[in-house]
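Comments concern the structure below.
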């Protein structure tokens, strides 16, 4: 099957997913060029202005004229929100399609990818209600709160094994009148979509991630962290914990040497990549391609064409 030339709006939303360091950004650009598309970022840390080196944000010259959305939209002092991202990403995706172009979602933040693609409803929140429930927890213990939850949501009461989520489940029920379990995500696309995963050789990726971190240091990661610290990085709950940034803040504080920060960042990045693989491998809808295949862009384009076939025939 060939792609519908001149009819990109009938194509599904394309998502490129997989672990950090697997080449998602480059494939996203290649697909956008082939399909007449625009890239929508789904890497939570690339939302932040100034966090360029440590997040491997694609430099403008390597975007090859492809429009990128949801990069550099937050200050480092702001907290990323999946619910807010869902609203922004869907609005942007709809706008891209209205322009007759193809949205190409690119990123490894699994929950953000699902927020953009799936029927995923976020339950309400209220700081006052949560504070009251936390006070009840401190006064009466988790057993009393679990008994209250079991009376209104026995499924969640049996599943939840930590106090933070216990409080959250009661908060959701009080605010919505619905059980917390009713908000569990389903693997059901909000709009037609195809997910392309980059399958990696784990040992090769381990070595690549180590070299990637060393390359970030050579490119000036320490100076980037120093500049961002002056802009309030330590006050950002999300940004300050990012891989590499938290470690190099400790270098500035004198509690880690640069060599120790590098090794800690490498180890943390490898653990993160394993978690990403586990997340995306758990989704049977992801179609996997060899990350180092010489015909990767062609194979990915063919996957999009196959996913588009039912839409074109419908």
Backbone N within the stretch 70-89 under 11 Å of label point (7 Å from residue 235 Cα along the Cβ vector) = 76-78
inquiry  = Quick check: pseudo-label points 7 Å beyond the Cα along Cα→Cβ at residue 129 and residue 175, how many nm apart are they?
reply    = 0.6
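In the chain, what % of DSSP beta bridges are antiparallel (nearest 5)?
5
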key: Paramagnetic reach from residue 111 (point 7 Å along Cα→Cβ, amide N under 20 Å) across the stretch 140-175   = 156-175
request  = Tell me what the chain gives for mean residue ellipticity at 222 nm when only DSSP H runs of n ≥ 4 count, each as -39,500 (n - 2.57), the sum divided by the residue total, rounded to 500 deg cm²/dmol.
outcome  = -16500 deg cm²/dmol
request  = List the extent of the Cα atoms of the stretch 164-247 along each of their three principal axes, largest first, rounded to whole Å.
outcome  = 53, 37, 24
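How much of the pair distance distribution for the stretch 127-183 lies past 13 Å, counting alpha-carbon pairs only, in percent?
Looking at the stretch 127-183, the distances longer than 13 Å represent 52 percent of pairs.
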remark   = With N residues in the chain, Rg(alpha-carbon) / (2.2 N^0.38 Å) equals 1.09
key: FRET efficiency for residue 49 and residue 151, using Cβ-Cβ distance with R0 set to 51 Å, rounded to 0.05   = 0.65
remark   = Of the stretch 120-157, those with amide N under 13 Å from the point 7 Å along the Cα→Cβ vector of residue 183 are 120-127, 129-130
query = Between residue 83 and residue 275, 0.36 nm times their residue separation minus their Cα-Cα distance comes to what?
reply = 67.0 nm
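Bear in mind that the values in this text are calculations on the coordinates, not laboratory data. Just so you know, these numbers come straight off a predicted model, no measurement behind them. In this analysis, Cβ positions are derived from the backbone assuming ideal geometry, glycine residues included, and neighbour counts consider all displayed protein chains.
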